[in-house]
1. Whenever you get a sec, compute what percent of the accessible area on the chain sits on carbon and sulfur atoms (1.4 Å probe).
2. 7 Å from Cα along Cα→Cβ at both I75 and E121: what's the point-to-point distance in nm?
3. Tell me which of A66, I9, L28 sits at the most positive position along the dipole axis of the chain, charges placed on C-beta atoms (Lys, Arg +1; Asp, Glu -1).
4. Which percent, nearest 5, of DSSP beta bridges in segment 1-129 are antiparallel?
5. Mark the label point 7 Å from the Cα of Y102 along Cα→Cβ and return the residues of segment 110-133 whose backbone N is within less than 13 Å of it.
6. Amide H to amide H, which residues 5 or more places from K8 or on other chains are under 5 Å from it, using H placed in the peptide plane?
7. If one computes the Cα centroid of segment 120-157 and of segment 43-97, what distance in Å separates the two points?
8. Say a site is exposed when it is one of the GluC sites (Glu not before Pro), sits in a DSSP loop, and has at most 16 other Cβ atoms within 10 Å; what is then the longest site-free stretch of the chain?
Amino acid sequence: MAIRKVVKIGEANLRKKSKPVKDFDEDLWQLLDDMKETMQANDGMGLAAPQVGVLRRIVVMEVNNAFFELINPEIIKTKGEDVEEEGCLSVGPFRGRVKRPYEVTVTALDRYGYPFTLKGEKWLARCICHELDHLDGVLFVDKSMDKDKYLKQGGKI
Ligand code: ZN
């Protein structure tokens, strides 16, 4: 395992759309292990592959001491809404409020290519939405209710 460099806002890869994973092989498992280690080393709740410069639809998350790997994830259902402050390893110290669904159901593949469904509430739902946005080049500051404050502080988009 290895800690990979986290791509920061302003770098082009963070704004690109990631492609689906096709090969469930040792390269993928290495990447997943590295992403987990990189997330934990940076005290993150989640990390998406484009944040380590890999434009593939892969996400790792650790919420309430439970660890998740999602490959080619798709949100199939959302319910309610919830507002909390978010941060991002690619954005830096700024935290801002974002409105997200309270409950999210997502389908994904595991590291061997088997499909599963995950339903999350509150922070897990928020984390799923935040990380899946990364796969389409979207960052929380784009959607934040505090975007003006971020821009006034000189924050990059
Ligand atoms: Zn993020």
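1. 48 percent
2. With each label point 7 Å from Cα toward Cβ, the separation is 1.9 nm.
3. Comparing the listed Cα positions along the dipole, I9 ranks first.
4. 95 percent
5. 121-123
6. Close amide H contacts, sequence-distant or interchain: none at all.
7. 9 Å
8. 82-157
The values are calculated or read from the model by the stated rules, or taken from the named source; none is laboratory data. Quick caveat, the model's predicted, so the values are computed rather than measured. Cβ: placed from backbone, ideal geometry, glycine included. Neighbour counts: every protein chain shown. Surface areas here come from the heavy atoms of the whole protein model, side chains and all, with no ligands, DNA or RNA. Shrake-Rupley method; radii C 1.70, N 1.55, O 1.52, S 1.80 Å.
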